[in-house]
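Heads up: the structure comes next, in structure tokens.
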Amino acid sequence: MSLAALGLFALAGCDDAGNFDLKQAFAPKPEVADVATADQATGDFIEKDVEAPEVFSATEPGLWDGRPSLGGVWVAHPDVKDPERVMIRNQTNGKFVVGALFRREREIPGPRLQISSDAALALDVLAGAPVDLEVVALRKEQIPVAKREPEIEEPAIAQPDGIEESTLDPIAAAGAAIEAADPTPVEPATEPAEAPVVQSTLPVSRLEKPYIQVGIFNREANAEVAANQMRTAGMVPTVLAQESNGKAFWRVIVGPATTSSERKSLQDKIKEVGYSDAYPVSN
């Protein structure tokens with residue numbers, strides 16, 4: 001038997017307990033689907049995961065039998081022809097994870113979908129309690145993106161001691177315009193009151209790319225999930241609906257940052273949440 005055939009046999013095989021005997025190196029790691037991978041960019045295109053229901057799709061109850069299982073995050077189904085990379089969604093609580101799909105070689109009473117202990121942990125599934133799952137195959141697709149340009153930081157401008165940098169407030173600007181207009185004759189006030197000084201609180205950024213792009217999604221629901229994760233982490237996200245070659249997609253960005261250090265801090269926080277491919281963009 002060739003090495004390639006032996007590898008396919010190992011992917012498809014399972015024991016009576018539903019445990020897959022795979023090396024840890026082949027275990028898929030949980031991640032959020034549809035996120036574009038920045039370091040795979042070639043020219044003006046990058047690769048992203050898209051759902052391919054024509055390859056495999058199943059929406060039915062699934063079960064974790066409560067026993068520890070090998071192989072990381074996976075799901076098994078008797079209708080599978082070849083091992084696939086899939087998105088597994090818990091339709092009860094909305095949680096999802098990316099894992100491997102294998103064929104169940106033996107019929108066991110109960111739901112046809114069987115998940116591993118790692119998948120159950122990621123999806124918040126209790127042992128022995130069937131839950132409605134959606135399993136969809138994933139495929140790589142190239143989408144056009146704006147070409148990244150090397151960023152040039154503007155030099156800091158030294159301020160003399162005792163002078164603080166400030167921005168022109170719109171209220172103060174409107175007051176200056178009124179004062180510059182032709183005066184209307186009025187009765188002079190005995191003691192004119194001084195107008196209060198209003199300090200601007202609007203953030204002003206000198207960065208060419210003040211935003212951090214979290215990811216690109218082909219489903220609005222997945223984009224909203226990522227946006228909610230950013231809000232939970234204390235950041236303010238924006239979901240942008242866009243279209244390319246007749247296909248709609250949604251971008252999630254965070255910002256704007258006013259300084260390069262603030263932008264670096266935002267990027268680090270986003271990567272801590274799990275979006276390791278986040279990078280600065282202009283808008």
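Over the stretch 213-283, what per residue volume does the convex hull of the Cα atoms give, in whole Å³?
It is 79 Å³ per residue.
Return the sequence-ordered ³J(HN,Hα) values of the stretch 243-257 in whole Hz as given by the Karplus equation 6.51 cos²θ - 1.76 cosθ + 1.60 applied to θ = phi - 60°, using x for Gly and Pro.
Taking θ as phi minus 60°, the curve returns 9, 9, 6, x, 10, 7, 8, 10, 9, 10, 10, 10, x, x, 8 Hz for the stretch 243-257.
Rounded to the nearest Å, what's the spacing between the alpha carbon centres of the stretch 75-136 and the stretch 266-283? Just the number, please.
Here the two parts' Cα centres lie 30 Å apart.
Taking the simple approach of a point 7 Å from Cα along Cα-to-Cβ for both F45 and E60, what is their distance in nm?
3.6 nm
Computed from the coordinates by the stated procedures, all read-outs in this text should not be read as laboratory data. Quick caveat: nothing in here was measured; it's all calculated off a predicted structure. For neighbour counting, all protein chains shown are included, and Cβ atoms are generated from backbone atoms with ideal geometry for every residue, glycine included.
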